[in-house]
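Following: one structure in structure tokens, then a few remarks.
The values are calculated or read from the model by the stated rules, or taken from the named source; none is laboratory data. Everything numeric here is computed off the predicted structure, so don't read it as measured data. Positions of Cβ are backbone-derived with ideal geometry, glycine not excepted, and every protein chain shown enters the neighbour counts.
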Amino acid sequence: MVEADGLLHHEAGSYAVEKYRLVGSYADMFTTAMKDHWDCRVYLDLFAGPGHALIRETGQRVLTSPLIALSVPNRFDNYVFCDKDEASIAALRQRVTRTAPSVAAEYLIGDVSQMFALVTAMIPQDRAGHRVLSFCFVDPFSIDLHFASIAALAGGRSIDFLILLALGMDANRNWQQYTRPEDHRVDRFLGTEDWRSRWREAQRRSHSPIRFLAEEYSAAMARLGYRPMPIDTMPEIRMTGNNVPLYYLAFFSRNELGLKFWEAARRASRDQLALPL
């Protein structure tokens, strides 16, 4: 529970609390375990928001991912916050400055799919004697997330991803529209135009659009060198009350240690051992 500070906040359902706990759990493990093994640890939040959310069902105000990542005992060395809403970034900047005035933070305003070159430029370069490890949280409201942006961030870097796949709240609801020949949203989401033939085969196996897209996304990340993440291992977040599926949280790492941390973070979240919100 955090106090109101007069700045902009977003509203969220109580289901979002699990998401924030998972971010906090993993960020804590990531920064603590890696602090003596990497020279620079970077946190990226591509849909950062203002840093506070009001839970609709309870009226509780909580920290969201940017400030949770800032609140870990062993902070990241660099933070990169991106959001297309200028007012959200303005509120977040004030909160970050108030919480940690000396932290190294960069703020970008715009659609990450259109400015990924700027985002990647904010990540310090790996060089001899200066190894850089990054953790990127991607929290979109829809599948309007370009895979090219993720691939650009992943290229030539040591970086783990936690990506919200809005498969229930967007893709499944709008699947008829998204499968029309003139609609290219899924092309951009998966980074390929040849998914339609595989979808026809998936239909013959009675797979849902949700399962199909989750498997396709995992396969696309695998082509970038990441460990596959089967849908059955992705935390599924459902709407409070009616239990309707909303989204999956997909974690991707090239390193087996990252997967171990992720499993530990999931256990910590379930046991309510994550950082307080």
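Annotations for the structure displayed:
- Restricting attention to region 117-140, the residues being in contact with a Phe, Trp or Tyr (Cβ under 9 Å, 6 or more places away or on another chain) and charged (D, E, K, R) number 2.
- Where helices (runs of 4 or more DSSP H) sit wholly within region 143-249, those with at least 2 residues that are touching a residue at least 40 places away in the same chain (Cβ under 8 Å) occupy 147-154, 185-190, 209-222.
- Test for I231: is it of a type in the set (V, I, T), within 17 Å of the chain's Cα centre (by Cα) and farther than 29 Å from L67 by Cβ: yes
- Restricting region 104-142 to residues that are among the hydroxyl-bearing types (S, T, Y) and in contact (Cβ under 8 Å) with a residue 40 or more places away in the chain, the residue that is nearest to S25 (Cα to Cα) is S134.
- Evaluated against (1) polar (S, T, N, Q); (2) more than 17 Å from the chain's Cα centre (by Cα); (3) within 18 Å of L249 (Cβ to Cβ), S218 falls short on exactly one condition, (2).
- For region 87-134, residues that are under 30 Å from E3 (Cβ atoms) and part of a loop (DSSP other than H, G, I, E, B) total 5.
- The listed residue being over 19 Å from the mean Cα position of the chain (by Cα) and within 28 Å of R127 (Cβ to Cβ), out of V103, V72: V103
- Here R93 clears all of (1) basic (K, R); (2) in contact with a Phe, Trp or Tyr (Cβ under 6 Å, 6 or more places away or on another chain); (3) more than 25 Å from F81 (Cβ to Cβ) except the condition numbered (3).
- For region 64-82, filtering for residues that are of a type in the set (S, T, Y), free of Cβ contacts under 8 Å to residues at least 60 places away in the same chain and touching an Asp or Glu at 6+ places or on another chain (Cβ under 8 Å) leaves 1.
- Subset tally (residues that are surrounded by 23 or more Cβ atoms within 10 Å (Cβ to Cβ) and over 17 Å from Y20 (Cβ atoms)) for region 64-81: 1
- Scanning region 217-255 for residues that are acidic (D, E) and touching a Phe, Trp or Tyr at 6+ places or on another chain (Cβ under 6 Å) yields a count of 1.
- Residue match in region 47-60 (condition: within 17 Å of the chain's Cα centre (by Cα), over 18 Å from G6 (Cα atoms) and assigned to a loop (DSSP other than H, G, I, E, B)): yes
- Residue selected from region 12-43 under the condition out of contact with any Lys or Arg (no Cβ under 7 Å at 6 or more places or on another chain) and among the acidic types (D, E), by the criterion surrounded by the most Cβ atoms within 10 Å (Cβ to Cβ): D28
- Residue tally, condition crowded, with 19+ Cβ neighbours inside 10 Å and either over 22 Å from G13 (Cβ atoms) or free of Cβ contacts under 8 Å to residues at least 12 places away in the same chain (or both), over region 44-63: 1
- Between A202, A268, A222, A214, the distinction of being within 13 Å of Y26 (Cβ to Cβ) and either at pLDDT 95 or above or buried (at least 19 other Cβ atoms within 10 Å of the Cβ) (or both) belongs to A268 only.
- P235, sole failed condition from (1) within 18 Å of C136 (Cβ to Cβ); (2) exposed (fewer than 13 other Cβ atoms within 10 Å of the Cβ); (3) not basic (K, R): (2)
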